Amino acid sequence: MCIRDRWKIIYDKLEQIVNCKANVVLSKLPIGDLATQYFADRGIFCAGRVPEDDLRRVAKATGGSIQVTVNGLTPEVLGTCGEFEERQIGNERYNLFKKCDKAKSATIVLRGGAEQFIEEAERSLNDAIMIVRRATRAKAIVAGGGAIEMELSKHLRNYSRNVPGKRQFIISAFAKALEGIPKALAANAGLDSTSLITRLRKIHNETDENKWFGINFTCEGGLGNNYEEYVWEPVGLKSSILNASSEAVCMILSVDETVKNPKSEQAQQEQRKKMMPRGMPGMGRPIKGMGGK
């Protein structure tokens with residue numbers, strides 16, 4: 001096969017792409033300068049080295065399908081979007097597909113001064129999205145912000161008064177531990193946790209209608225009805241947290257003996273001796289005239 005035949009095959013493939021009426025061409029493989037200039041002369045945008053995950057997301061959002069060959073291209077395999085834009089954001093250029101009819105997701109671009117800030121923002125955003133996802137799929141919800149923990153603590157304290165023996169102290173300790181959640185929320189916000197917990201306990205003990213009151217920084221005084229403020233948590237998630245924490249405590253309390261490995265303990269003692277600082281030269285040796293012989 002001569003060079004002229006090879007060029008003819010390349011131009012035939014490019015012409016097939018143009019004839020299918022595509023305005024944007026994305027490829028997982030690199031696109032050469034010849035194809036880029038060929039598409040640019042005909043008003044077609046092209047981008048190479050696109051990650052496979054991004055290709056699948058674009059195909060799913062636009063209604064198109066990924067092709068492995070240019071033979072048999074038809075308008076049915078092409079996706080559509082209302083607006084396409086290439087925008088410079090920071091030091092990177094992004095291809096934005098807007099107003100897609102079949103899009104069920106959105107892209108969030110995180111920017112920050114350092115990599116650790118971006119990673120922390122990504123983790124926080126992922127936690128927020130996952131909790132909203134679980135809340136939409138949950139059959140029942142409760143108020144967040146420590147409201148349900150304070151209400152459970154109130155019921156356990158009232159129940160412990162009718163329980164004789166040592167079990168009363170165990171139930172009271174469990175009730176006190178539940179108050180650690182709203183206390184931690186208040187402390188993380190820089191508020192007076194002791195004062196807020198005292199006020200919150202008083203509000204819950206006044207009437208059952210105040211069962212949804214919890215820590216809410218948007219309300220005056222730091223407390224509010226979180227159910228009316230749309231601060232919700234799925235019941236399944238809250239039950240899983242309480243069960244897991246209770247099982248962990250029971251496992252720790254069930255430990256009645258620890259087994260030590262003598263060889264490992266001896267190795268640790270030798271390591272400590274090596275790490276201990278040595279004395280100054282002459283220390284520990286008696287000097288004449290200072291009590292020595």
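Search the structure for amide H atoms under 5 Å from the amide H of Gly224, placed 1.01 Å from N in the peptide plane, and list their residues when 5 or more places away or on another chain.
Those qualifying (amide H under 5 Å, at least 5 residues apart or on another chain) are Gly214, Asn216.
If the only charges are +1 at each Lys and Arg Cβ and -1 at each Asp and Glu Cβ, what is the size of the charge dipole of the chain around the Cα centre, to the nearest 20 debye?
The dipole of the chain has a size of about 1480 debye.
Using only alpha carbon pairs under 8 Å that are at least six residues apart, calculate the relative contact order of the chain and give it in whole percent.
The normalised contact order for the chain reaches 11 percent.
With a/c under 1.5 counting as rounded, go ahead and sort the chain into rounded, prolate or oblate using the C-alpha gyration tensor (a ≥ b ≥ c being the square roots of the eigenvalues; past the cut-off, prolate if a/b is larger than b/c, else oblate).
Oblate, since a/c reaches 1.5 and b/c is not below a/b.
Residue by residue through the range 145-157, which ³J(HN,Hα) values in whole Hz follow from phi under the Karplus form 6.51 cos²θ - 1.76 cosθ + 1.60 (θ = phi - 60°), with glycine and proline marked x?
x, x, 5, 5, 5, 5, 5, 5, 4, 4, 5, 5, 5
For a quick protection proxy, order the peptides 34-47, 69-82 by their average other-Cβ count within 10 Å, most packed first.
Those peptides, ordered most packed to least, come out 34-47, 69-82.
If you take every DSSP beta bridge whose two residues both sit in the chain, what share of them, in percent to the nearest 5, is antiparallel?
So the antiparallel bridges amount to about 75 percent of the total.
Within the range 146-208, which trypsin sites (Lys or Arg not before Pro) sit in a loop by DSSP and count at most 13 neighbouring Cβ atoms inside 10 Å?
Listed in order of number, the matching sites are Arg161, Lys166.
When ligands, DNA and RNA are left out and all protein chains stay put, how many square angstrom of accessible area per residue does the range 95-183 have with a 1.4 Å probe?
For the range 95-183, the solvent-accessible area averages 73 Å² per residue.
Carbon and sulfur: what percent of the chain's accessible surface (1.4 Å probe)?
Carbon and sulfur: 55 percent of the exposed surface of the chain.
So what's the range 185-236 giving for Cα Rg divided by 2.2 N^0.38 Å, two decimals?
Normalised by 2.2 N^0.38 Å, the Cα Rg of the range 185-236 equals 1.13.
Would you list, by chain and number, the aspartates and glutamates whose Cα falls below 20 Å from the Cα of Lys176, excluding same-chain residues fewer than 8 positions away?
Within the straight-line limit of under 20 Å, Lys176 reaches these aspartates and glutamates: Glu149, Glu151, Asp192, Glu206, Asp208, Glu247.
Give the peptides 187-197, 204-214 in descending order of average Cβ contacts within 10 Å, highest first.
204-214, 187-197
For the range 166-232 and the range 10-85, what is the separation of their Cα centres, given in Å?
Answer, in whole Å: 57.
Just list whichever of Lys21/Lys99; Lys13/Lys99; Lys8/Lys102; Lys139/Lys211; Lys98/Lys238; Lys99/Lys238 have alpha carbons separated by over 28 Å in the model shown.
Table pairs above 28 Å Cα-Cα are Lys13/Lys99; Lys8/Lys102; Lys98/Lys238; Lys99/Lys238.
Where in the range 43-88 are there trypsin sites (Lys or Arg not before Pro) that are in a DSSP coil and have at most 13 other Cβ atoms within 10 angstrom of their Cβ?
Arg49
The values are calculated or read from the model by the stated rules, or taken from the named source; none is laboratory data. None of these values were measured; they are calculated from a predicted model. For neighbour counting, all protein chains shown are included, and Cβ atoms are generated from backbone atoms with ideal geometry for every residue, glycine included. Each accessible area value is taken on the protein alone, full model and side chains, heavy atoms only, with ligands, DNA and RNA left out. Shrake-Rupley method; radii C 1.70, N 1.55, O 1.52, S 1.80 Å.
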